[in-house]
1. Hey, can you find the accessible area per residue of segment 1-141 for me, probe 1.4 Å, expressed in square angstrom?
2. In a solvent-free Debye calculation with one equal scatterer on each Cα, what is log10 I(q)/I(0) for segment 10-92 at q = 0.18, 0.25 Å⁻¹, listed in the order of the q values?
3. Which is farthest toward the positive dipole end of the chain among 67, 135, 5, measuring Cα position about the Cα centre, with Cβ charges +1 (Lys, Arg) and -1 (Asp, Glu)?
4. Take 91, 129 and sort them by solvent-accessible surface of the protein heavy atoms, 1.4 Å probe, largest at the top.
5. Within segment 49-147, what whole-number % of the accessible surface is contributed by carbon and sulfur, with the 1.4 Å probe and all protein chains included in the calculation?
6. Multiply the residue gap between residue 82 and residue 51 by 0.36 nm, knock off their C-alpha separation, and tell me the result in nm, one decimal place.
7. Working from the pairwise distances between different alpha carbons, so that the mean of 1/r is found and then inverted, what is segment 45-93's Kirkwood radius in Å?
8. With only alpha-carbon pairs counted, each pair once and no self-pairs, how large is the Kirkwood hydrodynamic radius of the chain in angstroms?
Amino acid sequence: MTDPTRLGAFLRKSGAFLAVGGVAFVVDAVTFNLLVFGFGGDGPMYDEPLLAKVIAIVVATVVTYVGNRYWTFGTRTLQRRFSRYVIFVALNLAAILIQLGCLAFSRYVLGFEGIVADNIAGTFIGQALATIFRFFTYDRWVFPDDQEQAAQTALESA
């Protein structure tokens, strides 16, 4: 693949990944805020923000899997393997820990609490770091192009 073609493919993939991530961001933020802050500032899980964040991330993760599998990486040839789902879950558990770490640090180490602090730490910073992590790990391990890998292996063995 030539450099301009490779750059174009990377930009398309990055744009699609960010669009899917944008939708997931909204799903995560809305779910988290409804659980923790409700409509009046004190939601049903106000005292359990980490559990609320886990629930929000799990809901958003379903959105990201479907969007990335069928749009971002939709042109890739993928063999159906149970191991792909295991890898997806493992990488998302690591991404959840990144987001929870940011939220927990803000709430329990720095002592910041409230809708602005929780959203900056857990939703903006945490999700930005987790999204960067997911972009590179999904590309390599969750949605690798089996056809491209087979061609590369054939070239190396020749």
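The values are calculated or read from the model by the stated rules, or taken from the named source; none is laboratory data. Remember, predicted model here, so these are calculated numbers, not experimental data. No Cβ is skipped: glycine too gets one built from the backbone with ideal geometry, and neighbour counts run over all protein chains shown. Remember, those area values only see protein heavy atoms, side chains included, never the ligands or the DNA or RNA. Shrake-Rupley method; radii C 1.70, N 1.55, O 1.52, S 1.80 Å.
1. Accessible surface, normalised per residue, equals 56 Å².
2. The Cα Debye sum returns log10 ratios of -0.81, -1.13.
3. 5
4. 129, 91
5. Ligands and nucleic acids excluded, carbon and sulfur give 73 percent.
6. Once the chain is fully extended between residue 82 and residue 51, it gains 8.4 nm.
7. In segment 45-93 this quantity evaluates to 12.4 Å.
8. Result for the chain, one decimal place: 16.9 Å.
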